[in-house]
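Peer 1: A single structure is presented below for examination.
The values are calculated or read from the model by the stated rules, or taken from the named source; none is laboratory data. This one's a predicted model, so the numbers in the text were calculated from it and none came from an experiment. Neighbour counts run over all protein chains shown; Cβ positions are idealised from the backbone, glycine included. For accessibility, only protein heavy atoms count, side chains too; no ligands or nucleic acids. Shrake-Rupley method; radii C 1.70, N 1.55, O 1.52, S 1.80 Å.
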Amino acid sequence: IKALALSGNHKAVDETLLATIKHVAPSDDHLFLTMSDEFIEQSTFSPLNKQENSQRLDKLFDQALKIRKGLIGADPVAAELIIESIFANLQKARQCANASLSAEAAARLARCRVLMAELEGLMLHLKNPESLLVGRVATLVSFFAHSAGKSSDAKAAYVRALEAYAKVANNQGLERNEILDMFIDQAPLFNLTKEQKLLHEKIKRQRSASRAEATQHKIKAIPSIEHIQEIMKRAAAKPNK
């Protein structure tokens, strides 16, 4: 499987995984989970490389998830891996758009939507997911719904994120990261109630406290909602793309 994947024969990989995974025991088999981790590492975009084969990286990531799902099922680790991949694709979309590669940028955004569908499906099978994970996923759902012009869906997801983050804030468990920043920045897009605004301010204060304490964090340059809409518009205007 590993040799086939690294040589680019992804059809054979998918067929072999389908025939193999159901026979692997125990469910935390070290060999297969290590291979999944290696595929995740191999599938990471390099911000310095403009000639990467995006489809190859996508397939490696999908195969890594297929191994985890086949052995472990839905788990929070897989959800976080998908979230990281979504942000990597957003970053790549922005990079491509800045290089006037609007078709590739649009393809990366389309990939984000595929990953979002996978993430939402996974969340349905998680038993009692932690509030922080719920908040992170709902923030992304709101972000992409709004960029697609689905205002009511975006507002409903944002309120879910708000309630989840408020629970985390009550336990002083918020740490500044790119998704929390995205959540904070989205607030002006929605007509929040007075109570919701108070919750938002509480979360914002704790985020600011984390920043003051010089919490280590990695901020990625991602496109805004407006930028996403512009990328898709430009890509759609190009024939045969």
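Peer 1: Enumerate the aspartates and glutamates that residue 69 could reach by cross-link, defined here as Cα to Cα under 15 Å, with residues fewer than 8 away along the same chain left out.
Peer 2: Straight-line reach from residue 69, under 15 Å: 14, 28, 29, 37, 80, 118, 120.
Peer 1: Could you look at the chain and say what percent of its accessible area is carbon and sulfur, using a 1.4 Å probe and all protein chains?
Peer 2: Numbers: 6810 of 12930 Å².
Carbon and sulfur together cover 53 percent of it.
Peer 1: Got the relative contact order for the chain handy, in percent, Cα pairs under 8 Å and 6 or more residues apart? Intermediate results must be reported in sequence, preceding the final value.
Peer 2: Working: 235 pairs, mean separation 41.6, N = 241.
So the answer I get is 17 percent.
Peer 1: To make sure I understand the rule: partners must be lysines, Cα under 22 Å from the Cα of residue 238, and not fewer than 8 residues away in the same chain. Which ones qualify?
Peer 2: Leaving aside lysines fewer than 8 places away in the same chain, those within reach of residue 238 are 50, 92.
Peer 1: OK, next. Mind listing the phi-derived Karplus ³J(HN,Hα) values for the stretch 224-229, rounded to whole Hz, using 6.51, -1.76 and 1.60 with θ = phi - 60°, and x for any glycine or proline?
Peer 2: Using θ = phi - 60°, the values come out as 6, 4, 5, 5, 4, 4 Hz.
Peer 1: I'd like the distance between the alpha-carbon centres of the stretch 4-34 and the stretch 71-107, rounded to an integer number of Å.
Peer 2: Here the answer is 23 Å between Cα centres.
Peer 1: Quick check: convex hull of the Cα atoms in the stretch 103-187, volume per residue, rounded to a whole Å³? Show your work: numbers first, answer last.
Peer 2: Details: hull volume 8.0 nm³, N = 85.
Convex hull of Cα atoms, per residue: 95 Å³.
Peer 1: What percent of all Cα-Cα pairs in the stretch 136-186 falls in each 10 Å bin, counting up from 0?
Peer 2: Final binned percentages: 28, 54, 16, 1.
Peer 1: When N is the residue count of the stretch 1-127, what does its C-alpha Rg come to as a fraction of 2.2 N^0.38 Å?
Peer 2: Numbers: Rg = 15.0 Å, N = 127, 2.2 N^0.38 = 13.9 Å.
Rounded to two decimals, the normalised Rg is 1.08.
Peer 1: Pop the C-beta distance of residue 185 and residue 127 into the FRET formula with R0 = 30 Å and round what comes out to the nearest 0.05.
Peer 2: Details: r = 31 Å, r/R0 = 1.04.
My answer for the efficiency is 0.45.
Peer 1: Quick one: if the Förster radius is 51 Å, what FRET efficiency do residue 31 and residue 171 give, using the C-beta to C-beta distance and rounding to 0.05? Mind dumping the intermediate values first?
Peer 2: Working: r = 38 Å, r/R0 = 0.74.
According to the calculation, E is roughly 0.85.
Peer 1: For the stretch 28-35, what does the Karplus curve 6.51 cos²θ - 1.76 cosθ + 1.60, with θ = phi - 60°, yield as ³J(HN,Hα) per residue in whole Hz, taken in order and with x for Gly and Pro?
Peer 2: Going residue by residue, I get 10, 3, 5, 4, 6, 5, 5, 4 Hz, with x marking Gly and Pro.
Peer 1: Sticking with this one: Give the aspartates and glutamates reachable from residue 150 as a straight Cα distance under 14 Å; neighbours fewer than 8 places away on the same chain don't count.
Peer 2: Leaving aside aspartates and glutamates fewer than 8 places away in the same chain, those within reach of residue 150 are 226.
Peer 1: Which residue fluctuates most in the GNM of the chain (Cα springs below 10 Å): 82, 40, 21?
Peer 2: 21
Peer 1: Seen from all sides and averaged, what is the projected area of the convex hull of the Cα atoms in the chain, in nm²?
Peer 2: For the chain, the mean projected area of the Cα convex hull comes to 14.8 nm².
Peer 1: Using the crude model of +1 on Lys and Arg Cβ and -1 on Asp and Glu Cβ, and no other charge, please compute the dipole size for the stretch 1-123 relative to its Cα centre, in debye to 20.
Peer 2: Details: 14 positive and 16 negative charges, 93 e Å.
Here the stretch 1-123 has a charge dipole of around 440 debye.
Peer 1: Could you give each residue of the stretch 183-191 its phi-based ³J(HN,Hα) in whole Hz, using Karplus coefficients 6.51, -1.76, 1.60 with θ = phi - 60°, and x for Gly or Pro?
Peer 2: 4, 4, 5, 6, 3, x, 6, 10, 8
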